[in-house]
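Undergrad: Here it is, the structure, as structure tokens.
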Amino acid sequence: MAAPASPAAVPSKVLSAPLAKADRLGLLQALERKVLWLSSWMIHNANHLRPSRDGLKVGGHQASSASCVTLLTALYLDVLRSVDRVAVKPHASPVYHALAYLLGRQSQEKLQSFRALGGAQSYPSRTKDGDDVDFSTGSVGLGVAMTSFAALVQDYARLKGMQPEERPAGRMVAVVGDAELDEGNVFEAMLEGWKHDVRNLWWVIDYNRQSLDAVVSDRLFNRIDSLFSAMGWRVVTLKYGKKLEAAFAGADGAALRDWIDACPNSLYSALVFKGGEGWRKHLEGDLGHLPGIRGFLGAHDDQSLHAVMTNLAGHDMETVLEAFHAVDDDLPTCFIAYTIKGFGLPFAGHKDNHAGLMNEAQMAGFQRAMGVPEGQEWARFAGLDLPEELLEAFLAAVPFAASGERRLVAPVVPVPDTLPLPQGARMSTQEGFGRILNDLAGGDSELARHIVTCSPDVTVSTNLGGWVNRRGVFDRRERADVFRDEKVISAQRWQMSPQGQHVELGIAEHNLFLLLAALGLSAPLFGARLLPVGTLYDPFINRGLDALNYACYQDARFMVVATPSGITLAPEGGAHQSIGTPLVGLALPGLACFEPAFVDELAVLLRWGFGHLQAEAGGSVYLRLSTRPLEQPQREIAPVADEIVAGGYWLKPPAPGAELAICYAGAVAPEALAAHAALLEDIPGAGLLAITSADRLHADWLTGLREGGGSHVVRLLAPLAPDAALVTVIDGHPATLSWLGGVARHRIHPLGVETFGQSGDIPDLYRVYGLDADAILDAAARACLERSGGRA
Ligand SMILES: Cc1ncc(C[n+]2csc(CCOP(=O)(O)OP(=O)(O)O)c2C)c(N)n1
Ligand SMILES: [Mg+2]
């Protein structure tokens with residue numbers, strides 16, 4: 001094992017009264033055993049004892065769980081306070097649930113149905129698990145980074161006085177699998193965290209030097225240490241436990257330490273798997289000439305030699321507690337805890353153990369070793385040689401669980417009936433968005449006070465500049481606007497202070513979505529209601545998609561304003577022109593996707609959105625906007641406001657029994673309008689349907705099919721003739737709207753973008769990609785031909 005560069009001092013600190021330190025340690029060690037047992041048994045039960053109906057392996061990670069039992073037990077049963085928030089590495093889910101069970105926050109039934117419908121989830125889930133998961137995890141690296149953004153959000157809420165003053169700052173803690181550090185998003189987040197001077201952040205690395213496939217490089221340790229140090233983190237390395245330290249202090253102990261320090265990770269792992277005999281053979285061969293080592297080997301039988309040689313600090317409760325309790329400031333701290341994957345289980349250290357499961361015989365042996373009588377596998381204290389009342393009393397006093405409910409509620413922020421509508425004959429939806437926010441910023445509404453915006457270096461180019469000028473940029477400290485102080489003229493006034501309501505990020509869309517996830521959970525996590533609005537260029541939704549998915553998965557509430565979008569971005573070219581994002585909007589649960597064409601529609605949607613973010617059964621909102629200025633209709637929008645929210649309305653209603661309708665979404669409205677006007681000569685009853693949300697229409701349609709009672713889209717299309725044709729058009733993938741043909745079995749001619757875009761102006765690009773009025777008319781002509789029996 002590569003030696004730590006500078007082992008951190010871990011001064012001992014007396015553990016808190018009323019229990020004496022030794023008693024407390026004994027209790028924690030007993031419960032640690034129980035957690036190892038329960039997590040292993042939970043997985044065993046799911047795989048071997050529950051009848052399989054489908055022949056699939058149920059799975060679960062006994063080795064990954066065993067690796068961090070000590071760390072998680074120390075955290076949850078001793079170190080954490082109820083204000084702390086934790087992301088547990090995904091495959092340690094059974095450990096988390098076992099701890100929750102011991103604390104009375106999880107039922108036996110849920111453990112018995114681990115990985116079955118309604119049971120404890122494979123990976124900790126805020127929404128699917130009932131035992132108070134703070135951050136969902138699953139896609140490695142995301143939970144880790146999420147804690148950094150949560151720390152930032154906690155500061156945002158605290159510095160604005162949005163949290164009760166008496167409530168202390170909590171620690172944002174991630175228990176991290178070492179291979180999670182292979183995910184680039186972790187380092188993006190670290191750099192961003194450093195820029196924002198985040199505090200109260202702990203990352204506890206379960207350094208078992210194994211990933212899924214392999215044993216990791218020996219040299220990794222030094223890299224991890226220096227990466228964290230470079231970002232201003234304190235690094236605390238927990239390498240050897242008390243037994244090994246005692247051996248090092250004995251005769252020739254220095255040689256033993258040098259030997260183990262120099263032992264390659266793969267050899268160390270192999271010897272962990274082989275046990276006492278293997279250690280003895282290697283130590284005799286390499287150090288047998290030293291009298292102290294001969295004495296050491298002579299004093300231990302194989303079993304106790306194995307126990308000493310595998311006594312890494314991450315499995316040594318006393319060392320772990322000392323290290324955690326030694327930190328009493330708010331500096332971001334990384335604990336590198338040396339561990340063994342599968343510690344205490346038959347496949348400990350084996351490089352192939354990631355998905356390994358104990359077989360029946362191994363489990364029987366393990367059960368005997370744990371002293372758990374048959375039939376008492378789920379009993380909370382069976383096999384522990386401590387009085388049950390003592391264990392109960394200890395658990396009842398655990399500080400983490402002391403305050404009862406850890407999920408907080410924050411009052412709903414009232415949203416006015418309408419938002420200010422910017423005036424202007426020609427405007428793009430992007431400009432309209434900026435002007436609406438600018439107007440809100442100029443007022444003093446409660447709504448405006450709770451909005452927080454953020455953007456990954458595209459604040460100005462997505463039209464958030466006005467809002468930021470008025471509401472300022474968030475920073476933990478007051479900072480001067482040097483350009484302003486030096487009287488350099490600029491349209492941007494970026495006052496930075498704790499009062500600022502915009503969080504400026506570097507260019508990393510992944511970070512944007514993780515920040516939105518954290519901001520969007522500020523009510524349950526910190527009791528502060530925030531209404532987050534994040535802006536980015538639409539094509540880069542894909543760049544941060546896993547984090548967006550992650551944010552929605554845990555029901556964070558936020559608004560994404562993605563602009564510009566589509567080939568309508570024209571001269572910027574194909575690298576910046578989004579195609580598939582409307583399908584992302586359609587497919588992502590918990591995210592209502594809209595693509596308004598006109599600014600009055602946008603104002604309706606923004607207003608509705610701020611309510612939807614706060615509604616119990618609400619969700620997040622995705623607005624796909626454009627920089628294309630459009631002639632704005634002069635009209636009263638209120639009569640169609642509900643339909644705009646529902647996803648569509650007839651801009652030009654069809655005549656009863658009409659044989660054709662054009663259905664358009666977003667910036668192609670002028671082409672749809674022009675084609676419609678031209679068509680009226682031949683088909684006077686043709687309708688023009690404005691689709692503001694394919695996503696909402698589609699979801700409502702499916703609900704109607706399942707539950708009966710109709711749906712908005714069925715009602716919209718009802719006036720058309722049964723054999724009418726629909727021409728759909730969107731600056732995005734045509735599949736976004738082509739399903740409309742299935743609603744009432746109408747013939748469908750979907751237009752949209754199917755190949756990568758390129759530079760050009762709108763007339764050229766719309767012509768080449770088939771979105772212009774001629775393309776719509778051609779499609780309509782084909783539809784009419786079909787109807788009259790001709791071939792298209
Ligand atoms: C983004 C992502 N890619 C792949 C996986 C599949 N996977 C689950 S765990 C794992 C290896 C984890 O190794 P490590 O973080 O070191 O955990 P441990 O050794 O504690 O099991 C992989 C590749 C995943 N969950 N997420
Ligand atoms: Mg690992």
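Undergrad: I'd like the residue in region 443-457 that is more than 13 Å from L505 (Cα to Cα) and without any contact (Cβ under 8 Å) to a residue 60 or more places away in the chain and, out of all such residues, is least open to solvent (accessible area, probe 1.4 Å).
TA: Per the criteria, the residue is A448.
Undergrad: Test L256 against the criterion of being in contact with a Gly (Cβ under 6 Å, 6 or more places away or on another chain), more than 16 Å from ligand 2 (Cβ to nearest atom) and not in a loop (DSSP other than H, G, I, E, B), and give yes or no.
TA: no
Undergrad: For region 183-207, which positions are within 16 Å of C334 (Cβ to Cβ) and within 14 Å of ligand 1 (Cβ to nearest atom)?
TA: Within region 183-207, E183, V186, W203, V204, I205, D206, Y207 qualify.
Undergrad: Would you mind finding the one in L331, L386 that is in contact with a strand residue (DSSP E or B) (Cβ under 8 Å, 6 or more places away or on another chain), open to solvent by 10 Å² or more (accessible area, probe 1.4 Å) and not basic (K, R)?
TA: It is L331.
Undergrad: Taking Y96 as the residue in question, decide whether it is in a helix (DSSP H, G or I), within 16 Å of ligand 1 (Cβ to nearest atom) and open to solvent by 10 Å² or more (accessible area, probe 1.4 Å).
TA: yes
Undergrad: While we're on this one: Hey, can you tell me all the residues within region 587-610 that are surrounded by 24 or more Cβ atoms within 10 Å (Cβ to Cβ) and over 19 Å from F433 (Cβ atoms)?
TA: Listed by number, the list is empty, since nothing qualifies.
Undergrad: Here's something else I'd like to know. Of everything in region 246-261 that's open to solvent by 10 Å² or more (accessible area, probe 1.4 Å) and touching a residue at least 60 places away in the same chain (Cβ under 8 Å), which residue is nearest to the chain's Cα centre (by Cα)?
TA: Step by step, filter region 246-261, then rank; the result is D261.
Undergrad: Could you check region 458-540 for helices (runs of 4 or more DSSP H) lying wholly inside it with 2 or more residues that are at pLDDT 95 or above and over 28 Å from F756 (Cα atoms)?
TA: Answer list for region 458-540: 465-471, 509-519, 522-526.
Undergrad: Within region 556-569, does at least one residue satisfy the condition of being under 21 Å from A151 (Cα atoms) and either surrounded by fewer than 24 Cβ atoms within 10 Å (Cβ to Cβ) or basic (K, R) (or both)?
TA: Yes, there is a match, as at least one residue in region 556-569 is under 21 Å from A151 (Cα atoms) and either surrounded by fewer than 24 Cβ atoms within 10 Å (Cβ to Cβ) or basic (K, R) (or both).
Undergrad: Just give me the residues in region 182-207 being hydroxyl-bearing (S, T, Y) and more than 16 Å from ligand 2 (Cβ to nearest atom), in sequence order.
TA: Matches in region 182-207: none.
Undergrad: Related question: Please go through region 209-230 and give me each residue that is away from ligand 1 (no atom under 16 Å from the Cβ) and open to solvent by less than 40 Å² (accessible area, probe 1.4 Å), ordered by number.
TA: Correct list: D225, F228.
Undergrad: Here's something else I'd like to know. If you take the residues of region 139-181 that are of a type in the set (S, T, N, Q) and either under 14 Å from P332 (Cβ atoms) or open to solvent by less than 10 Å² (accessible area, probe 1.4 Å) (or both), which of them is nearest to ligand 2 (Cβ to nearest atom)?
TA: For region 139-181, the residue satisfying everything is T147.
Undergrad: Among (1) over 38 Å from the mean Cα position of the chain (by Cα); (2) farther than 16 Å from H676 by Cβ, where does A779 come up short?
TA: Every condition holds for A779 apart from (2).
Undergrad: Tell me which residues, restricted to region 283-306, are open to solvent by less than 60 Å² (accessible area, probe 1.4 Å) and either in a loop (DSSP other than H, G, I, E, B) or closer than 29 Å to N222 by Cα (or both).
TA: Passing the criteria: L283, L287, G288, L290, I293, H300, L305, H306.
Undergrad: Another question, then. Please return the ranges of strands (runs of 3 or more DSSP E) entirely within region 586-679 where 3 or more residues are farther than 21 Å from V743 by Cβ. Quick ask: steps written out before the conclusion?
TA: On the way: elements: 591-594, 620-624, 648-652, 660-665.
It comes to 620-624.
Undergrad: Taking the options G170, G143, G130, G177, name whichever one is more than 16 Å from ligand 1 (Cβ to nearest atom) and touching a residue at least 40 places away in the same chain (Cβ under 8 Å).
TA: G170
Undergrad: Another question about this same structure. For T339, which of the numbered conditions (1) at pLDDT 95 or above; (2) touching a Phe, Trp or Tyr at 6+ places or on another chain (Cβ under 8 Å); (3) open to solvent by 50 Å² or more (accessible area, probe 1.4 Å) fails to hold?
TA: (3)
Undergrad: Can you find, within region 307-358, the residue that is nearest to V144 (Cα to Cα) among those that are small (G, A, S) and outside any loop (DSSP other than H, G, I, E, B)?
TA: A337
Undergrad: All but one of (1) within 16 Å of ligand 1 (Cβ to nearest atom); (2) outside any helix (DSSP H, G or I); (3) touching a Phe, Trp or Tyr at 6+ places or on another chain (Cβ under 9 Å); (4) open to solvent by 10 Å² or more (accessible area, probe 1.4 Å) hold for R81; state the number of the condition that does not hold.
TA: (1)
Undergrad: Residues of region 394-434 being of a type in the set (D, E, K, R) and touching a strand residue (DSSP E or B) at 6+ places or on another chain (Cβ under 8 Å), which ones? Break it down into steps so the answer makes sense when it comes.
TA: Pass one, region 394-434, residues of a type in the set (D, E, K, R): 405-407, 417, 426, 431.
Passing the criteria: only R426.
The values are calculated or read from the model by the stated rules, or taken from the named source; none is laboratory data. None of the values given here were measured: they were computed from a predicted structure. We place every Cβ from the backbone using ideal geometry, glycine too, and count neighbours over all the protein chains shown. Ligands, DNA and RNA are stripped out before the accessible areas are found, and what is left, the full protein with its side chains, is counted by its heavy atoms. Shrake-Rupley method; radii C 1.70, N 1.55, O 1.52, S 1.80 Å.
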